[in-house]
1. Name the residues in region 90-121 that are among the small types (G, A, S) and touching a Lys or Arg at 6+ places or on another chain (Cβ under 7 Å), would you?
2. Give the residue, chosen from P29, P49, that is within 26 Å of H224 (Cβ to Cβ) and of a type outside the set (A, V, I, L, M).
3. Kindly check whether there is at least one residue in region 61-70 that is surrounded by 15 or more Cβ atoms within 10 Å (Cβ to Cβ), modelled with pLDDT of 95 or more and under 23 Å from T163 (Cβ atoms).
4. Can you pull out the residues in region 60-78 that are more than 19 Å from the chain's Cα centre (by Cα) and not charged (D, E, K, R)?
5. Of the conditions (1) within 12 Å of the ligand (Cβ to nearest atom); (2) touching a Phe, Trp or Tyr at 6+ places or on another chain (Cβ under 7 Å); (3) under 30 Å from G27 (Cα atoms); (4) in a helix (DSSP H, G or I), T183 satisfies every one except a single condition; which number is it?
6. So L14 fits all but one of (1) away from the ligand (no atom under 16 Å from the Cβ); (2) of a type in the set (A, V, I, L, M); (3) outside any helix (DSSP H, G or I); what number is the exception?
7. Among residues belonging to region 197-216 that are in a helix (DSSP H, G or I), away from the ligand (no atom under 13 Å from the Cβ) and touching a helix residue (DSSP H, G or I) at 6+ places or on another chain (Cβ under 7 Å), point out the one that is modelled with the lowest pLDDT.
8. Only one residue in T18, T74, T46 is under 14 Å from F125 (Cβ atoms) and surrounded by 12 or more Cβ atoms within 10 Å (Cβ to Cβ), so which one is that?
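The values are calculated or read from the model by the stated rules, or taken from the named source; none is laboratory data. Small disclaimer: the values here were computed from a predicted structure and weren't measured. Virtual Cβ from ideal backbone geometry, glycine too; neighbours counted across all protein chains shown.
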Amino acid sequence: MNQPTDPGGLLGSLLADTHLDARAAVGPPAAVPAHLRRAPTDGPLTGLPAPASPRVALDDALPGRTAVRDYAMTPLSAADLSAILTAADRIDADIWSAERAAGVDLDLYCATWRVTGLDTGLHRFGPQGPALHRVADLPAGAAAEDLVSQREFARAPALLVITGNLAAALARHGSHGHRLLLTRAGAAGHAAWLTALRLNLVGTVFAGLLPHVLRECAGADGYHRAALFAFAVGHATPP
Ligand SMILES: Cc1cc2nc3c(=O)[nH]c(=O)nc-3n(C[C@H](O)[C@H](O)[C@H](O)COP(=O)(O)O)c2cc1C
């Protein structure tokens, strides 16, 4: 098909595609073929403490919600990390249980540099428990800055990295599946952020991830496991 070369025509063509796509998305979703599901390859399991309870009411935390990219050296407690990961997982389980049951998974990875009781490394969250499956070693200090597109994120005590099965999402919904996966990742990232605020922590969501890092560390090929969104978290620097 000839693509229009003028920007207005191109935009019109894209919008027509989106419209067709949205109409297709109203139909019944297709089954996800088994070969598109990829079980993660994990190492040993470490239990996490029960999620910490909120310390601040949501109404009191919300006015202070702003993106923070500098963090104190203070370690994050494992119970706070547990609360953040549990919140990200729970919102997806509550809203998109049918997607999960159909095999369109979100997997929550977590890079830890300064979390009490946890070694530096990359882990995958296993909500039963809650617990972390060790996935890979990670460099610490200045060497960690090569793992992220903005070095300040490597100075956070921990990063949540939300990945999803794009292949399964596309098989189930057509290209609407990609938007749905991004929406789910957005909800999980913001649930993590709001939970952190209620624990008197600071952070920011971000999407500037380096694809080769997760490919090398977690076998994330960008299709069966695609990095979607992330959240950096820590304690505020002293004023
Ligand atoms: C989809 C998305 C992607 C983002 N990617 C980045 C990023 O790569 N790097 C970054 O520093 N912030 C990123 N952010 C955070 C925004 O920059 C931040 O929300 C914005 O600066 C608003 O700041 P505020 O919360 O202080 O108003 C992203 C936010 C969203 C919603």
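1. First pass over region 90-121, keeping only residues among the small types (G, A, S): 93, 97-98, 101-103, 111, 117, 121.
Correct list: A93, A102, G103, G121.
2. Numbers: P49 fails: within 26 Å of H224 (Cβ to Cβ).
Step by step, each of P29, P49 is checked, and only P29 is within 26 Å of H224 (Cβ to Cβ) and of a type outside the set (A, V, I, L, M).
3. Looking through region 61-70, at least one residue is surrounded by 15 or more Cβ atoms within 10 Å (Cβ to Cβ), modelled with pLDDT of 95 or more and under 23 Å from T163 (Cβ atoms).
4. If the condition is that a residue be more than 19 Å from the chain's Cα centre (by Cα) and not charged (D, E, K, R), then A61, L62, P63, G64, Y71, A72, M73, T74, P75, S77 are the ones that fit.
5. (2)
6. (3)
7. In this case the residue turns out to be V213.
8. On the way: T18 fails: under 14 Å from F125 (Cβ atoms); T74 fails: under 14 Å from F125 (Cβ atoms).
The match here is T46.
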